[in-house]
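The values are calculated or read from the model by the stated rules, or taken from the named source; none is laboratory data. These numbers were taken from a predicted model, which means no experiment stands behind them. Because the Cβ atoms are built from the backbone with ideal geometry, glycine has one as well, and the counts that use them run over all protein chains shown. For the accessible areas, the whole protein counts, side chains as well, though only heavy atoms, and no ligand, DNA or RNA atoms are used. Shrake-Rupley method; radii C 1.70, N 1.55, O 1.52, S 1.80 Å.
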Amino acid sequence: MGCEISTRKRTGLINPIFDCQPAGAQFAGIGIKDSIPLVHGGQGCVMFVRLLLAQHYKENFDLASTSLHEDSAVFGGRKRLEEGVMTLARRYPNLRVIPVITTCSTEVIGDDIEGSINLCNKALKEEFPDRKIYLVPVHTPSFKSSQVGGYATCLQSVIKSMCNAKVAPSGKLNVFPGWVNPGDLDLLKHYVSAIGIDATYFFDTSDFDSPIMPDKSIHTHGRTTVEDIQRASGAFGSLSLSRYESFSASTYLQSEFEVPAHNINTPYGIANTDAMLETLSDISGRPIPDSLVVERGKAIDALQDLAHMWLADKTVALYGHPDLVIGLAEFCIEVEMKPKLLLLGDDNGKYKRDPRLKALQEKVDWDMEVVCNADLWELEKRVKDPAYKLDLILGHSKGRYVSIEHGIPMVRVGFPSFDRAGLYRHPTMGYQGAVHLAENIVNTFFTHMEIKKDREWMMNVW
Amino acid sequence: MPLVLLECDKVIPEREKHVYLKVEGEDTRDYLPVANAPTIPGSLSERGCSFCGAKLVIGGVLKDTIQMIHGPIGCAYNTWHTKRYPSDGDNFQLKYVMSSDMKEGHVVFGGDKRLYEAMNDAFNEFPHIKRMIVYTTCPTALIGDDIKSTVKRVTQERADVDIFTVECPGFAGVSQSKGHHVLNIGWVNDKVGQVEPEITSEYTINVIGDYNIQGDTFMLQQYWDKLGIQVIAHFTGNAKYDDCRAMHRAKLNVVNCARSAGYIANELMKRYGIPRLDVDTWGFNYMAEAIRKICTFFGIEERGEALIAEEYAKWEGKLNWYKERLAGKKMAVWTGGPRLWHWTKAVEDDLGINVVAMSSKFGHQEDFEKIIARGRAGTFYIDDANELEFYEVLARTKPDVIFTGPRVGDLVKKLHIPYINGHGYHNGPYMGFEGFVNLARDFYNATRNPLLGLAAKDIRAPRRSAVLEAAE
């Protein structure tokens, strides 16, 4: 009994949980309005990430490559980087930000990114005296960290390079949601405005669920503007919701500009959402409105219909982004499920010291494992053993075959989710997210019972 | 002068050499678009890298082979679950990818030991799999890991395994195409001639350059079976590693995708004297022509005619039903390369569809020669087109449907244009007689979709309300 935290021992990785750093940096970089990230590396590093984002969001995002070829591998890729910046500036007249994202190849070659950016800045000033284009160096070698760290690095680099002066108080709150879906972001906005707080989101990705319009205009882009980023130093505080994706940025604003950082648990489940709303109320001095008490009550009511009847004692394996996995493990316990296996897919040494994991270790009175630097084989190997009882998999689409092959019900959650329709539209965070997820889980169980003819008559009278 | 400088390319005028507008009476020997040339950085090209050309397109299709990618996780992650090529086995090739998961320390001190361990881990975890392809990636190539010697060591230590090495980092060449070449030539050099196949027919072929997208290979296999032709190796749709080591024993190489796999056919011709026969397997006329050519080669023409008659009887009525409804529709093709010349005339002859714009990510000039020869006048033929060029060409040509990848499909949907997956298909397979009816059906369903008509309506438009009308 109890919770053990270990690390994958096998060298050879089988079925990765994460993409590499530049992927995460690219996702962060498209959250800014009028931004096209320029990835300094081979073309595949961009082409596949564009495809991956399209698979999840069913949208196209603009990302550029410096198209590194052999000559650059030998002589360095500076010229191509500079040409890339100028080409983007010339062809996209509204472009204001270019995150320059490195990859394994350009980090190994040792291209001087900061030096190139200085040269580009001069050239841009000369050719476009009336425009200001921000070039942000983002160092994300693929052989370090993962998409998670890449997201954090890009976010922090953007804040560091573009928010470089203390501005007058804006009366606004900075909100750092981490890597979430438009459905989550819309819900966060709802909570923040219900309490009466004016906020800026880093980054605002609501339009990653974007419409087809009668005039054929395209709205698929981030909404956070250059001005939003520059004014982050004037906010009355930062609400930061992802330990591994956003705490570094909010902490930077605190240490550099004395913007108080409220780095709190990711709001998955009821208790974590409560804590977030209480924090919002405390830092704004505004009460939590009755309407949110009603929303909360409806959520608990809905969960109560499900918990000890259908969810209790169900064992769960979770994998994906660390804040999601840990937060959902906490949620699982709230609805009486038993997280059995948590897979954290990169070698970040900080996971083992995560206070939420420490709290889980004290709480669980069943066998639970946390595997760091894990791959999906850690999951599959366990479920291949018939003695390993597992009732549910919570994770993204890349693990779908573990569920399919071994007949274990699975609910898709996290990035990327491309084998179930429309998941990006729904929240996982907050009260509504908790209900949506729990109902999704129970409905998945029901379908599974019906297909397997396993007590399917239970639902005749539910 | 058929080369066009598009408005969006005014600031990168070298793009003019890549955009060809076919004019009646021009000679393609004078003007071919430049192809297989470096991409302009920052142009938002569609191209991938040569590593993916080797792993994702060709090597990863083999159904009994561990895909070991020596590099950071991204290269493995991104070339896994990104293609629709099933097999008749347990779909091992779709389910698993392996990586040496290279970290900073290995970049500094070398990753050979890491690869050695990872290879052994993979064989240990999948004891029923005895074949492996090891791929290098950008960082492992840059730091100079000696992959071949690691492969040799593992091969010596494990008597029952065979391993192929592909040294094609992502920065090699200008596109996926380089990866096709490296894998093809490497395979002939290292692997062909090592396995003796069991010969069951006097008519033996290799089918080269088909990757079983949504079951294309299964579709073609029905025909070979009916004709009594034995396929020694299908390179690489639904293939086993060892099938492809026996390619030297076929009497004929039937080449579909001459871009990705023409290289291996040429080498087999040089080294083993196996003749090369290029065919098209998309389209009714083309498929019939392919069967006729192959049967003529073997002197079994009557079998071929019987098969063609049987297939026409089964499918021609359905095809014509769609043809009546699709004639005159406009189509754009934005895919890799060869599908441009495979499809343009096939859709015109079989379905009456006009292809008005085409872009190739990685075609070479010889491909464009074929594309332009088969294509219509007034059509755009673009090498390595980028996003702004797409918008401009779309506005000029106004296609009804675009055959392209899902991401570009997500883009054009905002412009109220339906797309059909030109790489992985919507509801394929698309090869063969039945397959082309599938393509016609998907095309038809895309054009008659009511949603995009609704999308154009602006509900804010001024209108007379019922209340007002009643008052009048």
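List the pairs whose first member sits in region B:270-298 and is outside any loop (DSSP other than H, G, I, E, B), whose second member is modelled with pLDDT under 95, and whose Cβ atoms are under 7 Å apart, counting only residues at least 6 apart or on separate chains?
Going by the 7 Å Cβ cut-off, the qualifying pairs are B:D278/B:A258.
Taking region B:185-225 as the search range and keeping residues that are open to solvent by 60 Å² or more (accessible area, probe 1.4 Å) and of a type in the set (V, I, T), which one is nearest to B:E167 (Cα to Cα)?
That would be B:I199.
Which residue out of A:Y244, A:Y319 is crowded, with 20+ Cβ neighbours inside 10 Å, within 14 Å of another protein chain (Cβ to nearest Cβ) and within 22 Å of A:V180 (Cβ to Cβ)?
Going through A:Y244, A:Y319 in turn, just one is crowded, with 20+ Cβ neighbours inside 10 Å, within 14 Å of another protein chain (Cβ to nearest Cβ) and within 22 Å of A:V180 (Cβ to Cβ): A:Y319.
With a cut-off of at least 1 residues that are at the interface with chain A (Cβ under 9 Å from one of its Cβ atoms) and open to solvent by less than 30 Å² (accessible area, probe 1.4 Å), name the helices (runs of 4 or more DSSP H) lying wholly within region B:68-175.
Answer list for region B:68-175: B:73-78, B:92-95, B:104-109, B:112-125, B:138-142.
Please work out which residue is nearest to B:G375 (Cα to Cα), limiting yourself to region B:33-45 and to residues that are open to solvent by 20 Å² or more (accessible area, probe 1.4 Å) and in contact with a strand residue (DSSP E or B) (Cβ under 7 Å, 6 or more places away or on another chain).
B:V34
Does A:V325 count as of a type outside the set (D, E, K, R), over 20 Å from the mean Cα position of the chain (by Cα) and either within 14 Å of chain B (Cβ to nearest Cβ) or surrounded by 20 or more Cβ atoms within 10 Å (Cβ to Cβ) (or both)?
No; evaluated as a whole, the condition is false for this residue.
Could you please find all residues in region A:23-43 being part of a strand (DSSP E or B) and either open to solvent by 10 Å² or more (accessible area, probe 1.4 Å) or among the aliphatic types (A, V, I, L, M) (or both)?
Residues satisfying the conditions are A:I32, A:S35, A:L38, A:V39.
Of all residues in region A:205-230, how many are open to solvent by 20 Å² or more (accessible area, probe 1.4 Å) and in contact with a strand residue (DSSP E or B) (Cβ under 7 Å, 6 or more places away or on another chain)?
Number of matching residues: 1.
If you check A:L81, A:L124, A:L51, A:L135, which single one turns out to be touching a residue at least 24 places away in the same chain (Cβ under 8 Å) and either on the phi > 0 side of the Ramachandran plot or within 11 Å of another protein chain (Cβ to nearest Cβ) (or both)?
After ruling out the rest, the residue left standing is A:L81.
Regarding region A:44-62, can at least one residue be identified that is open to solvent by less than 10 Å² (accessible area, probe 1.4 Å), part of a loop (DSSP other than H, G, I, E, B) and modelled with pLDDT of 95 or more?
Yes, that holds for at least one residue.
When you go through B:G48, B:G42 one by one, which is the residue that is in contact (Cβ under 8 Å) with a residue 12 or more places away in the chain, within 7 Å of chain A (Cβ to nearest Cβ) and either touching a Phe, Trp or Tyr at 6+ places or on another chain (Cβ under 9 Å) or not in a strand (DSSP E or B) (or both)?
After applying the criteria, what remains is B:G48.
Which one is farthest from A:I36 (Cα to Cα) among residues in region B:401-427 that are in contact (Cβ under 8 Å) with a residue 60 or more places away in the chain and buried (at least 19 other Cβ atoms within 10 Å of the Cβ)?
B:Y425
Looking only at region B:11-25, how many residues end up being outside any helix (DSSP H, G or I), surrounded by fewer than 16 Cβ atoms within 10 Å (Cβ to Cβ), of a type outside the set (A, V, I, L, M, F, W, C) and touching a residue at least 12 places away in the same chain (Cβ under 8 Å)?
Looking only at that region, the number is 1.
Kindly establish whether A:R286 is basic (K, R) and farther than 30 Å from A:G24 by Cα.
It is true that A:R286 is basic (K, R) and farther than 30 Å from A:G24 by Cα.
Scan region B:23-62 residue by residue and report those that are in contact with a Pro (Cβ under 7 Å, 6 or more places away or on another chain) and modelled with pLDDT under 95.
B:V23, B:E26, B:Y31 - these are the residues of region B:23-62 that are in contact with a Pro (Cβ under 7 Å, 6 or more places away or on another chain) and modelled with pLDDT under 95.
Right, A:L63: within 28 Å of A:N181 (Cα to Cα) and more than 9 Å from chain B (Cβ to nearest Cβ) or not?
Considered against the rule, which asks whether it is within 28 Å of A:N181 (Cα to Cα) and more than 9 Å from chain B (Cβ to nearest Cβ), A:L63 comes out as no.
Being modelled with pLDDT of 95 or more and either within 30 Å of A:Y388 (Cα to Cα) or open to solvent by less than 20 Å² (accessible area, probe 1.4 Å) (or both) is the requirement here; does A:D347 meet it?
Answer is yes for this residue.
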